[in-house]
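I have placed the structure first, in the form of structure tokens, so that the comments after it can refer back to it.
The values are calculated or read from the model by the stated rules, or taken from the named source; none is laboratory data. Being a predicted model, the structure only gives us computed values, none of them experimental. Don't worry about glycine lacking a Cβ; one is built from the backbone with ideal geometry, like all the others, and counts go over all protein chains shown. For accessibility, only protein heavy atoms count, side chains too; no ligands or nucleic acids. Shrake-Rupley method; radii C 1.70, N 1.55, O 1.52, S 1.80 Å.
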Amino acid sequence: MYIIIGQGAAGTHAAMELRRLDPDAAVTILTNESDSYYSRIDLPEVVAGSLSPDECRLKTLEEFQAAGIICRTGETATAIRPQEKIVELSNGEQLPFHRLLIASGSVPVKPPIPGVELPGIHVLWTLEQARQLADEASQSRHAVVVGAGLIGLKTALALAKRGLSVHVVECMDRILPKQLDGEAAKIVTDALTAHGVQVLTKVCVERFEPGTDGRVSRAILSNGSIPCDLAVVASGVRPNTEIAKAAGLEVRRGIVTDTCLRTSAPSIWAAGDVAEVTDLLSGEPVVPAAWPVAVLQGITAARNMAGAGMAWEPTVAMNSVEVAGVPLVSAGTLEAEPGDQVLSCRHGDHYRRIVMRDGKVRGVVCIGDIRSAGVLSGLVTRGIQCGNPEILLSPRLCIGDLINR
């Protein structure tokens with residue numbers, strides 16, 4: 001029997017691949033959520049009221065069943081006994097496995113802000129949390145979002161769309177600090193403001209205060225305060241590694257895996273936001289935490305679990321998203337080191353920044369005009385030498401330009 005803990009992108013695609021490769025074997029997915037597989041990136045649209053929960057569901061329980069996959073929702077795996085090949089559930093049941101995949105994803109991190117557990121303060125990571133947030137947003141007027149990452153900004157826009165007054169509070173000096181440099185961040189910040197979201201950078205929430213009804217009513221900041229009857233904490237996530245640690249598997253930031261995504265236990269693999277792999281550019285261990293990566297890792301792990309064999313090829317950090325109507329693509333690292341060459345150009349709200357090292361593209365961000373983003377991202381991934389870097393700023397860059405020069 002194959003058992004998969006987690007039914008997100010990695011777990012679901014692994015299950016489908018196992019069914020294809022080993023059609024007679026039993027495949028069981030365990031998830032502590034009550035919902036079957038859905039699109040996590042659509043959760044802000046549920047909050048905004050643009051999508052119903054059903055519309056962001058990608059695979060129903062009936063579809064799992066039709067594919068010959070048992071998806072057990074509302075089932076929490078509490079322990080793994082690697083030597084005995086047993087998974088323990090919260091109801092006391094013990095499930096034997098032949099091969100096990102841990103695809104338990106990430107969990108939101110709440111910073112130690114006094115008052116962060118007050119009623120009216122949410123995180124947004126599951127479909128059920130999106131339902132709850134949408135319900136409370138319909139009865140609220142003022143919202144504070146802590147954190148200006150992708151989740152925070154998308155949620156802020158969703159709340160503004162519902163008519164709330166929304167402030168985003170970010171301790172760093174810019175929004176999307178992992179994806180954008182200062183110039184790019186300013187373009188997106190201006191777009192957020194135009195959509196009714198006020199952005200406060202270099203400001204921290206020091207505490208939340210309750211009102212007379214016990215619910216959150218005000219956010220006390222490092223430079224003042226903001227009224228809020230709703231708040232969302234979007235200050236990051238961490239790999240959900242607790243069950244792996246307790247089982248004695250090797251865990252650093254994520255569950256340590258080899259080139260086949262096998263863990264330190266020979267019958268257990270890991271994939272998705274919980275798996276630690278090697279970064280293509282730095283060679284350092286990373287947890288990529290990206291939807292496309294999770295899909296490919298799930299498929300790779302499944303092939304190795306079934307004996308088909310497939311090595312995981314290192315990737316680079318990459319994002320392609322639209323925020324407040326502004327398309328943006330970033331890949332690789334935008335932090336320049338001494339000796340790096342930095343190229344940039346801006347025309348209105350179109351901006352491009354490229355970091356070169358030893359004649360190769362190490363990082364790129366494109367804002368607005370993203371027509372050449374695919375070529376540039378490919379250069380980051382493939383490490384192609386570029387003899388004429390200035391051509392990379394051409395708005396109509398194509399791969400032939402690089403080959404011919």
Just to be sure before I move on: is R72 touching a residue at least 40 places away in the same chain (Cβ under 8 Å) and either of a type in the set (F, W, Y) or open to solvent by 60 Å² or more (accessible area, probe 1.4 Å) (or both) in the structure I sent? no
Considering only segment 174-210, state which residues are of a type in the set (S, T, N, Q) and exposed (fewer than 14 other Cβ atoms within 10 Å of the Cβ). T193
Among the residues in segment 102-114, are any within 24 Å of the chain's Cα centre (by Cα), farther than 30 Å from V145 by Cβ and not in a loop (DSSP other than H, G, I, E, B)? yes
Determine whether R353 is among the charged types (D, E, K, R) and open to solvent by 60 Å² or more (accessible area, probe 1.4 Å). no
Positions within segment 128-146 being in contact with an Asp or Glu (Cβ under 9 Å, 6 or more places away or on another chain) and assigned to a helix (DSSP H, G or I), in sequence order: E128, A130, E136
Specify which of the listed residues (V355, V380) is within 27 Å of the chain's Cα centre (by Cα), assigned to a strand (DSSP E or B) and within 19 Å of D181 (Cα to Cα). V355
Anything in segment 125-138 that is open to solvent by 10 Å² or more (accessible area, probe 1.4 Å) and touching a residue at least 24 places away in the same chain (Cβ under 8 Å)? List them, or say none. W125, T126, E128, Q129, R131, A134, E136, S138
Counting only residues in segment 231-254 that are at pLDDT 95 or above and of a type in the set (G, A, S), the one nearest to H167 (Cα to Cα) is identified as A231
Residues being closer than 22 Å to R207 by Cβ and in a helix (DSSP H, G or I) - total across segment 152-184: 4
Open to solvent by 60 Å² or more (accessible area, probe 1.4 Å), closer than 26 Å to D135 by Cβ, touching a helix residue (DSSP H, G or I) at 6+ places or on another chain (Cβ under 6 Å) and touching a residue at least 60 places away in the same chain (Cβ under 8 Å): is that true of R162 in this structure? yes
What is the number of the single condition among (1) in contact with a Pro (Cβ under 9 Å, 6 or more places away or on another chain); (2) exposed (fewer than 14 other Cβ atoms within 10 Å of the Cβ); (3) free of Cβ contacts under 8 Å to residues at least 24 places away in the same chain that I86 does not meet? (2)
Apart from one, (1) open to solvent by less than 50 Å² (accessible area, probe 1.4 Å); (2) touching a helix residue (DSSP H, G or I) at 6+ places or on another chain (Cβ under 7 Å); (3) not basic (K, R) all hold for L30; the odd one out is (2)
Restricting attention to segment 360-385, the residues that are in contact with a helix residue (DSSP H, G or I) (Cβ under 6 Å, 6 or more places away or on another chain) and open to solvent by less than 10 Å² (accessible area, probe 1.4 Å) number exactly 5
Collect the residues in segment 322-336 that are open to solvent by 30 Å² or more (accessible area, probe 1.4 Å), touching a strand residue (DSSP E or B) at 6+ places or on another chain (Cβ under 7 Å) and not hydroxyl-bearing (S, T, Y), keeping them in residue-number order. A336
I'm told S36 meets every condition in (1) without any contact (Cβ under 8 Å) to a residue 40 or more places away in the chain; (2) assigned to a loop (DSSP other than H, G, I, E, B); (3) under 17 Å from I3 (Cα atoms); (4) open to solvent by 20 Å² or more (accessible area, probe 1.4 Å) except one. Can you identify the failing condition by its number? (4)
Could you please let me know if P44 is touching a Lys or Arg at 6+ places or on another chain (Cβ under 6 Å), buried (at least 16 other Cβ atoms within 10 Å of the Cβ) and closer than 24 Å to V146 by Cα? yes
Give segment 229-266 a look and list any residue that's closer than 15 Å to V168 by Cβ and in contact with a Ser or Thr (Cβ under 7 Å, 6 or more places away or on another chain), or say none. L230, V232, A234
